[in-house]
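Report on one structure; see the data block that follows.
Taken together, the values in this text are just the output of simple stated rules run on the coordinates, not laboratory data. On a predicted model such as this, the values are computed, not experimentally measured, just so you know. When we count neighbours, we look across all protein chains shown, and the Cβ atoms used for this are built from the backbone with ideal geometry, even at glycine.
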Amino acid sequence: MFTFKVKAWGQADYAGPGKSQIVGYRAPGRGVLVVQEGTGWVARQDGSRENIGAKSVVMWETGDWVEYGSDGGFKTCDYWAATEPLEEWEARVAEIFGPEDSSGPG
């Protein structure tokens, strides 16, 4: 058994139809994902996937690859023992969506 104090948590409702995905990153600390409704998948760093559904629980250790998503929608709740440093999160988001334009509109 292991326990940890929760430093960050979240809930998400990835409504279908359509694909949704949490882009891969290294777990900053132990984490738990609970699928409350629907179906989805978790991916390993090698790209292999495992299907998950309602009442599934996924646990990550510090440094594990974290990537999951759904092709039809699912509702999840996640808990983390540590938070991803802001700089790493910003770099990951910029890699996906491009650098943020800080000049504003106009």
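Divide by every residue of the chain the summed helix terms, -39500 (n - 2.57) for each DSSP H run of at least 4, and state the resulting mean residue ellipticity at 222 nm, rounded to the nearest 500 deg cm²/dmol.
Helix contribution divided over all residues of the chain: -3500 deg cm²/dmol.
So which chymotrypsin sites (Phe, Trp or Tyr not before Pro) in the range 1-96 end up in coil per DSSP with only 10 or fewer other C-beta atoms within 10 Å?
F2
Any aspartates and glutamates with Cα under 15 Å of the K7 Cα? List them, leaving off those in the same chain fewer than 8 positions away.
Cα-Cα hits under 15 Å: E61, D78, E84.
Scan the range 12-78 for GluC sites (Glu not before Pro) in coil per DSSP, keeping those whose Cβ has at most 16 other Cβ atoms within 10 Å, and list them by number.
E61
Ranking M59, M1 by Cβ neighbours within 10 Å, fewest first, what do you get?
Neighbour counts put them in this order, fewest first: M1, M59.
Given Cα positions, please report Rg to Rh for the range 11-96, the hydrodynamic radius being the Kirkwood one.
0.95
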